[in-house]
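Here's the structure, in structure tokens; my notes come after.
The values are calculated or read from the model by the stated rules, or taken from the named source; none is laboratory data. Just so it is clear, the model here is predicted, and its values are computed rather than measured. Cβ coordinates were reconstructed from backbone atoms using ideal geometry, including for glycine residues, and neighbour counts include every protein chain displayed. Remember, those area values only see protein heavy atoms, side chains included, never the ligands or the DNA or RNA. Shrake-Rupley method; radii C 1.70, N 1.55, O 1.52, S 1.80 Å.
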Amino acid sequence: MRVLRNLLYRDIIAAVSYVTLAFLALFFFFDLVDELRWVGRGGDNGYQITHALLFVVLRIPSHLYELMPITVLIGTIYVMARFAQSSEFTIMRTSGMGPWLALRTLMVLGLGFVLATFGTGDYLAPAAENAGQNIRAIHLAQLSRGATGAWLKERQGDHSIAINVRAIRGPGDFSNVRIFDFDGQGRISAQIHAQAARVSEDGESWTLQGVEASRLKAKADAGMVLLREKEDSLVWKTGISAEMVSAALLKPDRMSTISLFQYVRHLEANGQAAQKYEIEFWRKVFYPMSCLVMVVLALPFAYLHFRSGGIAAYVFGGVMAGISFFLLNNVFGYIGTLQTWSPWLTAAAPGLLYSLLSLTAFTWLVLRR
């Protein structure tokens with residue numbers, strides 16, 4: 001059995017790697033063509049071709065995370081169908097590889113793909129995405145989430161604070177920062193504009209540079225007076241860290257599971273809608289498990305009977321199944337956000353549907369034939 005298991009693992013890993021490289025090369029080309037439109041902006045020290053290439057390379061881990069279930073399905077279907085066409089799998093069956101042993105063997109390999117997907121999506125992709133956004137921010141002074149930059153909210157006692165960061169110069173180093181202070185009745189009581197801001201090492205304060213502040217102060221006759229102040233430097237106490245600002249800039253699916261969990265708690269603590277981020281959190285939990293579903297879905301192809309040259313149609317079917325899973329995963333996310341469905345159920349539904357499909361196919365084509 002060890003020889004048969006090694007044969008399956010070697011061929012499937014090789015096929016999945018080949019399909020993954022082909023998809024990544026295609027996405028690399030599309031990203032590079034799109035990124036070249038920014039080259040030359042920002043002056044002589046602005047965005048250059050080397051920056052564009054580096055930014056596109058840093059997007060590869062994110063594409064790898066998105067593509068893993070699809071490439072695992074396509075590569076595994078190809079190997080299973082090829083074994084069936086050449087009657088190699090028939091020989092494996094006569095050598096003692098029954099349906100349950102074949103299923104267990106593929107599930108072990110699927111768990112390996114699950115771990116690889118989780119590691120890529122939770123560690124490699126967020127770090128690469130952060131680095132790519134920093135490159136753009138430094139050389140283009142451009143944020144990726146809207147023309148007005150990043151907006152965050154925080155409660156400080158009975159006051160609420162709204163922070164706007166227009167540009168990032170580096171990790172924890174921001175420029176063009178605006179801070180709005182609202183009192184307990186929701187009325188604006190102060191506005192601070194800083195040319196630059198840097199997050200302290202302990203993450204408990206920001207050092208503001210080039211500060212212009214406008215504050216409303218009560219007068220003795222119950223009136224209000226507007227005070228304007230200018231300071232070269234000001235230490236502003238806040239619990240908003242550099243990671244939270246990055247979280248506001250990154251797309252939810254580009255964040256790590258821990259960052260999503262912390263950001264959801266921050267939004268809930270400050271009375272902000274967190275439905276979209278909760279769904280993404282549970283998607284990050286369930287998405288790697290899709291690789292396990294895909295290898296099980298590919299197993300019945302080994303029990304089909306192929307005519308000469310008929311393997312291409314089944315591989316094409318695998319491509320369509322993978323694309324449909326990707327689309328269904330996104331559609332459920334949008335519908336769940338609009339209809340305020342339970343976040344964990346919204347995230348788990350596509351995987352559950354494909355699990356049911358794979359088990360039905362396994363039962364019908366393998367155990368009952």
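Points worth noting:
- Å² of accessible area per residue within the chain, as computed with a 1.4 Å probe and no ligands counted: 51
- The angle between the Cα long axis of helix 257-269 and the main principal axis of the chain comes to about 40°, on a 0 to 90 degree scale.
- Bridgeable lysines around LYS217 (alpha carbons under 21 Å apart, same-chain partners fewer than 8 residues away excluded): LYS230, LYS237.
- Sulfur and carbon atoms: percent of accessible area, the stretch 1-109 [1.4 Å]: 66
- Between LEU345 and MET224, the simple label model (points 7 Å from Cα in the Cβ direction) yields a spacing of 4.5 nm.
- Three principal axis lengths of the chain [C-alpha, angstrom, descending]: 96, 48, 31
- Ligands, DNA and RNA left out, the 1.4 Å accessible surface of the stretch 154-229 is 47% carbon and sulfur atoms.
- Net lengthening on full extension, THR360/LEU111 (0.36 nm per residue, minus Cα-Cα): 87.6 nm
- With R₀ set to 30 Å, the beta-carbon distance separating GLN185 from VAL331 gives a calculated FRET efficiency near 0.10.
- Note that the stretch 273-361, at 10 °C in a medium of 1.306 mPa s, gets a Stokes-Einstein diffusion coefficient of 112 µm²/s from its Kirkwood radius over C-alpha pairs.
- Calculated FRET efficiency for the pair LEU7/ALA273, C-beta based, R₀ 41 Å, to 0.05: 0.20
- Using alpha-carbon coordinates, inclination of helix 49-58 to the longest axis of the chain, degrees: 60
- Applying the Karplus relation 6.51 cos²θ - 1.76 cosθ + 1.60 with θ = phi - 60° to the stretch 212-218 yields 3J(HN,Hα) values of 10, 10, 10, 10, 8, 10, 6 Hz, where x marks Gly and Pro.
- Ellipsoid semi-axes for the stretch 1-72, based on the Cα gyration tensor and the rule √(5λ), read 38, 10, 8 Å when sorted largest first.
- Under the shape rule built on the C-alpha gyration tensor, where the axes satisfy a ≥ b ≥ c, the stretch 86-206 is prolate, since a/c reaches at least 1.5 and a/b is greater than b/c.
- Acute angle (nearest 10 degrees) that the helix 2-35 long axis makes with the longest principal axis of the chain, alpha-carbon atoms: 40
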